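Structure first, then comments.
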Amino acid sequence: MSESGDVKRDAFIEASRVSRGSQRRAPELDVQGVSLSYPANSNALQDVSLTIPADCVTAVIGPSGCGKSTLLRCFNRMNDTIDGCHYTGSILLDGMDVLSGKTDVTELRRRVGMVFQRPNPFPKSVYDNVAYGPRLGGIRSRRQLDEIVENALRAAALWDEVKDRLDAMAATLSLGQQQRLVIARAIAVEPEVLLLDEPASSLDPISTLRIEELIYELKTDYTIIIVTHNMQQAGRVSDFTAFMNAGKLVEFNTTDRIFTNPVERATEDYITGRVG
Amino acid sequence: MLWLTSSMALLAVMLLLALMLLLGWLATGGGGSAGQAAEAGDQWASIFFMLQNGPAPYNDEGIFAAIVGTVTVTLLMTIIVSPLGVIVAIYLHVYARNTWYTELIRIGIHNLAGVPSIIYGVFGLGFFVYVIGAQIDQWFFSAALPRATLGTPGLLWAAVTLVLLTLPTVIVATEEGLARLPPSLREGSLALGATRFEMTFGVLVPAAMSSMVTGIVLAIARAAGEVAPLMLVGAVKYAPALPLSSDLPFIQVEQKFMHLGFLLYDLTLHAPSGDGRIALIASIALVLVFVVMSLTTFAAVLRGRFRMQYAQEALF
C-alpha cells in the first residue's frame, strides 16, 4: 500500500471508530513475513505480511486449504497444539511479538480470544461455561462472576434467552444459541482481539444473521478477524478484506475496494465465482 | 452396546436363579432325609456368622470373615488403582508426545490385560513380598525380625497384586474416554488461556468421568472374583482375626485374610464330605456373587450419576 493509501486508510479507520463511539482503542496486529509449515503441508503459509487494523472487522477469504484458518490460528498460537508445526516471522501486538518463544501463551490467549467453526461449549452449565475463563483468571467471588456472566451474555445477545436457565447444560441450547454462548465465553475474559473461524458455517440463516449483527456490535470494542467461506458475509460484516490463495496473501484492502475493484486478477476471479 | 449390557444382565439373573434353586432344593432336603433338611435350614439361617454344623474350622467363625476380607481387599485395590490408572491414562493421552516409545507402552498395557492372573500372583509373591516387603522389613520393622511384618503375604500385597491385574483395564477405559472427547473441547479451553493442567482437570476429566468410572467398575468386577493370585499373596484358609481394627488407620494391611473365592475353592476340594457340605458351597457361591454384584452396582450407580451430571446431546 502506498504512502497516501496509508493516510487514507488511517482516516477511514478513525472515522469508523468515531462514528461508532468506540470507548477504547483495541490494538492492531502487525503481521510480518509469517511462513508456516506442517508435516502434511510444508507451505501452509508463505511470507504473509499485513497490518490488521484496530477496532475494525477484517475478513480473511479464499478457497479451501488456502491457509486462512492457519493464519487465524497464528494470532493466538493455536497452531502450537499441532505436532511438527514450524513457523517463522513475527506478529506484533502492542509491540509484543506473538510468535516469539518467550511469549506467555496463556496470557496471549487471554488477550486474543477465539471462536471456532462449530460451537464447542464445555459439558457444563451455561453459567459455568461463561465463568470458565474468568475463573481461570482467579476470580472467585460469586457476585463478581454473576456480573461478568450477565454482561458477557448481554454482549452476546443471549441473556434474554437464557437468564432463566443459567444452570441448564449448555448442550440443551440450540446450535445458534450455543455459538453465541461460545462468543460470550470468549468475551467474558475481556480480550482485545477476537478471532472468528467461520463462526456461522454450521448455523441456519436466522442464527447466521444474529451472529453477523453481533459481530457488527462487537467491533466497537474489539479488533475482529473473521475467516469465512461466505463472500456475502464478508461483504456484509467486514471493513477490510484479505484474499489468500495457496498459502500466500494475494490482496488486502478495504472490503469495498476488494469487492468492487480488486487489483489482482485472482481476486476478481475468486469473488466473481470463477475460481474456488 | 445395549444388547451386550442386557444380555449380561440376563446371564447374571439366570446364574443367580440357578444358585438359588440349588440352595432351595438342598435346604428343603432334596436328595436327603428329613433330618438333613432341618439341619440345612438351620445353616441357611445362620450362614453369615455361625456355621455350627459346618466342617472345621469354619464352624466357629462362619463366612463373615471371608466377606469382610473380600470387600476389604477389593476396596483397598480400588483406592489404589483408581488414581494411579487415571493419572497414567491422562499422562499418556494429554502429556506424552506420540512417539514409538509411548506406542510401545500402550501396546504393553493392552497386552498386560491378557496375562493369566496366576502369573500376577507369582510376580506379586516374588517381587512385592520377597523383594519389596523384605526390604521394608529391613528398614522399618527390623525390631520384629526374624518375624516378617510386610515380608510375608498379606492384605497389602494382595491388594497391590490386584492393582497390577486391573491397572490395564482402568488405563484403557480412561484413555478411550479421553480420546472420545472432541478435540474442539481441548481447543476451546486452551483458547481461553487455560494451561494444559487446567484444561485437563477443569474440562477433560469431568467430561470423561463416566468412562473412568466404567473402567473402575470393570476393575472391581474382575478383582472381586479373582482367586488364583490371592492364594499366593495373602488369602488363607483360616484367619483368626479380621484385617480391621478400631484404631487408625482402621485396617491392618500386613495381616492375612480370608476370601470368599478361596474359601469356596478350599471347601469344594479339601473339606471332609459331611452333611450340608454342598449346601454350604452353594451358599458361599451365592454370597460371593452377591458381594461382587453389590460392589459393581455401587460403582455403576456412581457412574450413572456422573453421566447425568455431564449429559451431552449427540452434538459431537
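Taking the conditions (1) surrounded by fewer than 21 Cβ atoms within 10 Å (Cβ to Cβ); (2) assigned to a helix (DSSP H, G or I) in turn, B:L263 satisfies each one other than (1). Identify, by number, the condition in (1) at pLDDT 80 or above; (2) more than 13 Å from the chain's Cα centre (by Cα) that B:G304 doesn't meet. In the conditions (1) at pLDDT 80 or above; (2) more than 13 Å from the chain's Cα centre (by Cα), B:G304 misses (1) alone. Quick check, is A:D239 acidic (D, E), at pLDDT 90 or above and over 26 Å from A:K124 (Cβ atoms)? In short, yes. Where helices (runs of 4 or more DSSP H) fall entirely within the stretch A:79-162, those with at least 1 residues that are closer than 16 Å to A:L173 by Cβ are at A:126-136, A:142-155, A:159-162.
The strands (runs of 3 or more DSSP E) falling completely within the stretch A:165-276 that include 1 or more residues that are crowded, with 16+ Cβ neighbours inside 10 Å and within 14 Å of chain B (Cβ to nearest Cβ) map to A:193-197, A:223-227. Please tell me if B:V233 is buried (at least 18 other Cβ atoms within 10 Å of the Cβ), touching a Ser or Thr at 6+ places or on another chain (Cβ under 7 Å) and on the phi < 0 side of the Ramachandran plot. The answer is yes for B:V233.
Filtering the stretch B:127-176 to residues that are at pLDDT 90 or above and among the small types (G, A, S) leaves B:A158, B:A159, B:A173.
Counting the residues of the stretch A:112-145 that are touching a strand residue (DSSP E or B) at 6+ places or on another chain (Cβ under 7 Å), closer than 27 Å to A:D55 by Cβ and either more than 9 Å from chain B (Cβ to nearest Cβ) or surrounded by fewer than 20 Cβ atoms within 10 Å (Cβ to Cβ) (or both) gives 1.
Here B:V217 fulfils each of the conditions (1) among the β-branched types (V, I, T); (2) touching a residue at least 40 places away in the same chain (Cβ under 8 Å); (3) within 11 Å of another protein chain (Cβ to nearest Cβ) apart from (3). Scan the stretch B:133-148 and give yes if some residue there is among the basic types (K, R) and over 16 Å from B:Q255 (Cβ atoms), otherwise no. Checked against the condition, which is being among the basic types (K, R) and over 16 Å from B:Q255 (Cβ atoms), the stretch B:133-148 yields no hits at all. Of the residues that make up the stretch B:38-48, is at least one at pLDDT 65 or above and closer than 20 Å to B:T297 by Cβ? No - not one qualifying residue is present in the stretch B:38-48. No other residue among B:A173, B:A179, B:A148, B:A158 is surrounded by fewer than 19 Cβ atoms within 10 Å (Cβ to Cβ), of a type in the set (A, V, I, L, M) and not in a loop (DSSP other than H, G, I, E, B) apart from B:A179.
Of the numbered criteria (1) assigned to a loop (DSSP other than H, G, I, E, B); (2) within 14 Å of chain A (Cβ to nearest Cβ), the one B:S189 fails is (1). Looking at the stretch B:63-143, the helices (runs of 4 or more DSSP H) lying wholly inside it that each contain 3 or more residues that are under 22 Å from B:A223 (Cα atoms) and either without any contact (Cβ under 8 Å) to a residue 60 or more places away in the chain or touching a Leu at 6+ places or on another chain (Cβ under 7 Å) (or both) sit at B:64-90, B:100-112, B:117-123.
Scan the stretch B:183-203 for residues that are buried (at least 23 other Cβ atoms within 10 Å of the Cβ) and in contact (Cβ under 8 Å) with a residue 60 or more places away in the chain and the total you get is 0. If I ask for residues that are within 13 Å of chain B (Cβ to nearest Cβ) and under 29 Å from B:T99 (Cα atoms), which ones from the stretch A:98-107 would you list? Matches in the stretch A:98-107: A:T103, A:D104, A:V105, A:T106.
The number of residues in the stretch A:67-97 that are more than 14 Å from chain B (Cβ to nearest Cβ) and surrounded by fewer than 20 Cβ atoms within 10 Å (Cβ to Cβ) comes to 10.
For the stretch A:31-65, which positions are over 17 Å from A:S201 (Cα atoms) and in a loop (DSSP other than H, G, I, E, B)? A:Y38, A:P39, A:A40, A:N41, A:S42, A:N43, A:A44, A:P53, A:A54, A:D55, A:C56, listed by residue number. When the residues of the stretch B:204-214 are filtered to those that are touching a residue at least 40 places away in the same chain (Cβ under 8 Å) and more than 9 Å from every other protein chain (Cβ to nearest Cβ), the one that is farthest from A:V112 (Cα to Cα) is B:T214. Residues that are under 14 Å from B:L92 (Cα atoms) and not small (G, A, S) were ranked within the stretch B:172-200; the one that is farthest from the chain's Cα centre (by Cα) is B:R196. When A:I148 is tested against the conditions (1) surrounded by fewer than 16 Cβ atoms within 10 Å (Cβ to Cβ); (2) farther than 23 Å from A:N230 by Cβ; (3) more than 9 Å from chain B (Cβ to nearest Cβ), the lone failure is (1).
The values are calculated or read from the model by the stated rules, or taken from the named source; none is laboratory data. No experiment lies behind these values; they were computed from the predicted model shown. Every residue, glycine among them, receives a Cβ derived from its backbone with ideal geometry; neighbour counts consider all protein chains shown.
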